[in-house]
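Remarks on the structure that follows.
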Amino acid sequence: MPLPPVTGTHDVYLIFRNPSLSPADAVCSVEWFAYLGDIPGKGKPGYDKINNTWLSLINQNPDDVPVMIENPPVMARTTNIFERGNWMVKGKAVTPDVPHSLNPFPAKAPRNRLGLAMWLTDTKNPLTARVMVNRLWEQVFGTGIVETLEDFGTQGFTPSHPELLDYLAYQFMHKYRWHVKPLLREIVLSAAYKQTSSSTPELQEKDPANRLLARGPHFRLTAEEVRDQALTVSGLLNRQLHGPSIMPYQPDNIWQTVWSGATWKTADDGNQYRRAVYVYQKRTSPYPSMLSFDGSSREVCLQRRIRTNTPLQALVTLNDPVYVETAASLAKHMLKNGGNDAAACIRWGYQTAMYKPLPDNKLKVLQKLYTQALAEYKQKPAEADKLLQHKENTPQKAELAALTVVANAIMNLDEFLTKS
């Protein structure tokens, strides 16, 4: 459908007519336009081959990343105040602005998103740096200097260390020029962070929430970190970066989409072992195991996750297929590195998971668990097949299944699920 050459800016209207259809029926859609002429060299030898290559490149459908851009000024609409909220009664027109109670808008900044970013990061506005520093502190210590990350105003908590918050915000804005990594480096190299998380009855009575920073951080990992750590320790983690979301194991019938044909298709090509940041999230049906560990449901914006401790979390890490498979993979490495010595296998697995030696008192408990599981699986090999999902044909199937139980127990210890 060639269009005649025109100059200037114009609106293009396309009218579709079909005598056999009602004009009100939406049966036609435009998928794409191609505003281009012939490439240079038409009529010369080899032109058709190059032109076909050019057209094939134009019509490619590669994986793309949506990028939000701002419409040009000619597309800006006039926004009016609605009198008494009535959209049919328009008041005076308004233009983009910022609250006058805060720092003034930069003099030469454009009244668009770029200008808003310049206003947010202006040296006359300390609020942005203070909020950002507080969030980073919360990620490292478990609780922010201002505990209410979601409320930095008069209704929120007061800072536990106001001077520290001011200092870090100033460093973040002026010395580090808004770079996060050097700020995190300063925080984790501090004496407050590097001290032990062990406590005493006196400290627990005086400061149970560690607001005075008398000991190091001690808190449960986030939902994403729990999953990623299990995959890493087991050796299953797929470290591939970028790409579309993936669908790991999920219980059946979680998705019951009646208005579309969307279904949960479990990945089986290694992508199911990618990091939690790539797990497909549906706002009306979030990933169940992450939800059990206080992950966001995505229905509303969430500035802070409140950590809980419920039996559902133990049920997830003990029975969810993701964690059972990671335990089986860790057990396989334990058997390979420990050989026929059960104690050596258990010590290797604990060292791999915790990065510290296994104490003798814990070894005794885990050996007892191993012995009981081994006797059970030797009598019931079908149960071993069920646990290992028929993936192993090794003659040491009972031993591998028993080590899987031990590995699962190790990966359910408080010290494995807690940053300490």
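The values are calculated or read from the model by the stated rules, or taken from the named source; none is laboratory data. Just so it is clear, the model here is predicted, and its values are computed rather than measured. FYI the Cβ positions are ideal-geometry reconstructions off the backbone, even for glycines, and counts take in every protein chain you see. Surface accessibility is based on the protein's heavy atoms, side chains included, excluding ligands, DNA and RNA. Shrake-Rupley method; radii C 1.70, N 1.55, O 1.52, S 1.80 Å.
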Completion exercise
Among chymotrypsin sites (Phe, Trp or Tyr not before Pro) in region 69-119, those in a DSSP loop whose Cβ has at most 16 other Cβ atoms within 10 Å are 87
Exercise for the section: Could you list the trypsin sites (Lys or Arg not before Pro) in region 249-283 that lie in coil according to DSSP, counting only those with at most 14 other Cβ atoms within 10 Å of their Cβ? Expected result: 265, 283
Problem - Sites excluded, GluC sites (Glu not before Pro) in DSSP loops with at most 14 other C-beta within 10 Å, longest stretch of the chain - result: 151-298
Practice task
Note down the Stokes-Einstein diffusion coefficient of region 239-333 in µm²/s, whole number, using a Kirkwood radius over alpha carbon pairs, 20 °C, and 1.002 mPa s.
Solution key: 143 µm²/s
Problem - Heavy-atom accessible area per residue - region 1-100, 1.4 Å, Å² - result: 103 Å²
Exercise for the section: Enter the per residue convex hull volume of region 304-420, computed from alpha-carbon coordinates, in Å³ rounded to the nearest integer. Expected result: 115 Å³
Handout entry: Where region 147-215 is the region considered: accessible area per residue in Å², 1.4 Å probe
Key = 68 Å²
Handout entry: Semi-axis lengths (Å, descending) of the ellipsoid that matches the C-alpha gyration tensor of region 371-412
Key = 16, 12, 8
Exercise for the section: Roll a 1.4 angstrom probe over the protein heavy atoms and tell me the percent of accessible area of region 91-233 that is carbon or sulfur. Expected result: 59 percent
Exercise for the section: Go through region 334-406 and name the chymotrypsin sites (Phe, Trp or Tyr not before Pro) that are in a DSSP coil and have 13 or fewer other Cβ atoms within 10 Å of their Cβ. Expected result: 355
Handout entry: Accessible area of region 235-380 divided out per residue, in Å², using a probe of 1.4 angstrom
Key = 61 Å²
Exercise for the section: Would you mind calculating the relative contact order of region 138-264 from Cα pairs under 8 angstrom and at least 6 residues apart, reporting the percent as a whole number? Expected result: 18 percent
Practice task
Could you calculate, for the chain, the ratio of the Cα radius of gyration to the Kirkwood radius, expressed as Rg to Rh?
Solution key: 1.07
Handout entry: Inverse of mean 1/r across different Cα pairs in region 130-284, Kirkwood, Å
Key = 19.0 Å
Exercise for the section: Name the most mobile residue of 218, 333, 161, meaning the one with the largest mean-square fluctuation, in a Gaussian network model of the chain with Cα contacts below 10 Å. Expected result: 161
Problem - FRET efficiency, residue 206 to residue 29 (Cβ-Cβ, R0 51 Å, nearest 0.05) - result: 0.15
Handout entry: Long pairs among 332/368; 124/175; 356/397; 194/362; 175/419, criterion Cα-Cα beyond 21 Å
Key = 356/397; 194/362; 175/419
Completion exercise
Hits for the chain under the membrane-span-like helix rule (DSSP H, Cα axial span at least 24 Å, Kyte-Doolittle mean at least 0.0) are 321-338
